[in-house]
1. Pick from segment 143-202 the residues that are without any contact (Cβ under 8 Å) to a residue 60 or more places away in the chain and of a type in the set (K, R): which of them is surrounded by the most Cβ atoms within 10 Å (Cβ to Cβ)?
2. Scan segment 53-82 for residues that are polar (S, T, N, Q) and either under 21 Å from E102 (Cα atoms) or in a strand (DSSP E or B) (or both) and jot them down.
3. Restricting to segment 226-257, name every residue that is in contact (Cβ under 8 Å) with a residue 60 or more places away in the chain and either of a type in the set (D, E, K, R) or under 30 Å from Q278 (Cα atoms) (or both).
4. Considering segment 15-52 alone, what residues qualify as being of a type in the set (K, R) and assigned to a helix (DSSP H, G or I)?
5. Condition (residue is in contact (Cβ under 8 Å) with a residue 12 or more places away in the chain, assigned by TED's automatic domain parsing to the domain that holds Y111 and surrounded by 16 or more Cβ atoms within 10 Å (Cβ to Cβ)) applied to segment 72-79: is it met by at least one residue?
6. Conditions: (1) out of contact with any Lys or Arg (no Cβ under 8 Å at 6 or more places or on another chain); (2) exposed (fewer than 15 other Cβ atoms within 10 Å of the Cβ). R63 meets all but one. Number of the miss?
7. Between a first residue in segment 100-116 that is within 15 Å of D67 (Cβ to Cβ) and a second residue that is in a loop (DSSP other than H, G, I, E, B), which pairs have beta carbons less than 6 Å apart while being 6 or more apart in sequence or on different chains?
Amino acid sequence: MGAGIGVGVIILAVLLIAVLVVLVKSVVLVPQATAAVIERLGRYTKTVSGQLTLLVPFVDRVRARVDLREQVVSFPPQPVITQDNLTVNIDTVVYFQVTRPEAAVYEINNYVVGVEQLTTTTLRNVVGGMTLEETLTSRERINSQLRGVLDEATSRWGLRVARVELKSIFPPPSIQESMEKQMKADREKRATILAAEGHRESAIKSAEGDKASRILLAQGEREAAILRAQAERQAEILRAEGRRAAAYLEAQGEAKAIATRFGAIKSGKPTPELLAYQYLQTLPEMARGEANKVWVVPSDFSGALQGFMRSLGTPGSDGVFRYEPSADDGDSDRGQDIDTSGWFDMPAPVAPVVVKDEPDEPPTRSTLPPLPLGPTASSPAAPSASGAHQADPRPLQSSRRLPTQGPYPQR
């Protein structure tokens, strides 16, 4: 009895295990972004993705699971010979995605290895027609050519190549050293050019500053020269006015002194003896000059004096001729006082020169005020032959104007 129960339990356990195995074999859970290729009796049946799938136990099976996400595969450096016979090592990165899992399983044994080998051969074909410099500067063109060839070749494998990039390009060490020297020379060349341009700009700026300073200095010197010339002219005008006034005053004073002297002589009723005495006192002064070597005294001097006194004088009671003043001799001093109130008035200052920036136009200046230059019809009259001096009480004026044409004052 006990043996029969033990056999029954074993059979039950075997059945349970068989049921569990059948359940496991008949139910397959395929996660999202993953595709499962299912075969029935060794033949492709269907492809499922992201769902729970029931299989016929011992009839259906999952051949392969394929990742449907975009994959990034980096390949090791591959030696490539350029058109100028230089060997460079190029790293590539390929971005691709499986679009048809059944083709990726049945059309190629290992699609990753296939993509790698196809990338290497295509890269050698593309770079083999370029020089090293073109290879280094034409990465975008190489990428587009590689992508086009790979996408066309892998389409039958159920793959879509999204992008191909050259990760790095390693030239030979000797070429790298030459390139570094060339780059260094180019940098030094650019630095030298920039330094030369800076020096040129500095020289231009310095020359422009020097030019501007020289122009300003020349303008300042010109204005200073104009102002000095104006000051000189004004000083000359004032000196001439002073000399004219002094000469006129001196002449007026001398005329008045002579008139006063003659009036005193007339009022003193001189005799011929007095005139002879005065003449004898004057003779030494006349002979004192260095050019006078011989002086002759006229022998008929007394006779000449007597004739002069007879013509001008009146004989007195003692028979001596004396000068008798006339009735209007007492008025000989009238009119000698001259009004000189306006002689020493300062003339109006000369208008300043307006200097313009344009060098072609002469500087402009306003018209100068009238300057008195000498006696005119309104000036005091000259002494008459009779000795009477008539003076005009009005101040001495002049109606003349100095010419003001031209950029500089005329003297």
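The values are calculated or read from the model by the stated rules, or taken from the named source; none is laboratory data. Not measured: the values here are computed from a predicted model. Cβ placement follows ideal geometry from the backbone for every residue including glycine, while neighbour counts extend to all protein chains displayed.
1. Per the criteria, the residue is R147.
2. Passing the criteria: T53, Q71, S74, Q78.
3. E232, R233, E236, E241, R244, Y248, L249, Q252, A255, K256, listed by residue number.
4. K25
5. Among the residues of segment 72-79, at least one is in contact (Cβ under 8 Å) with a residue 12 or more places away in the chain, assigned by TED's automatic domain parsing to the domain that holds Y111 and surrounded by 16 or more Cβ atoms within 10 Å (Cβ to Cβ), which makes the answer yes.
6. (2)
7. R100/G158; A103/G158; A104/G158
Per-residue answers, yes or no, for (1) farther than 18 Å from R124 by Cβ; (2) among the hydroxyl-bearing types (S, T, Y); (3) in a helix (DSSP H, G or I):
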site: T135; (1), (2), (3): no, yes, yes
site: R141; (1), (2), (3): no, no, yes
site: S144; (1), (2), (3): no, yes, yes
site: R147; (1), (2), (3): no, no, yes
site: A153; (1), (2), (3): no, no, yes
site: L166; (1), (2), (3): no, no, no
site: M179; (1), (2), (3): yes, no, yes
site: Q182; (1), (2), (3): yes, no, yes
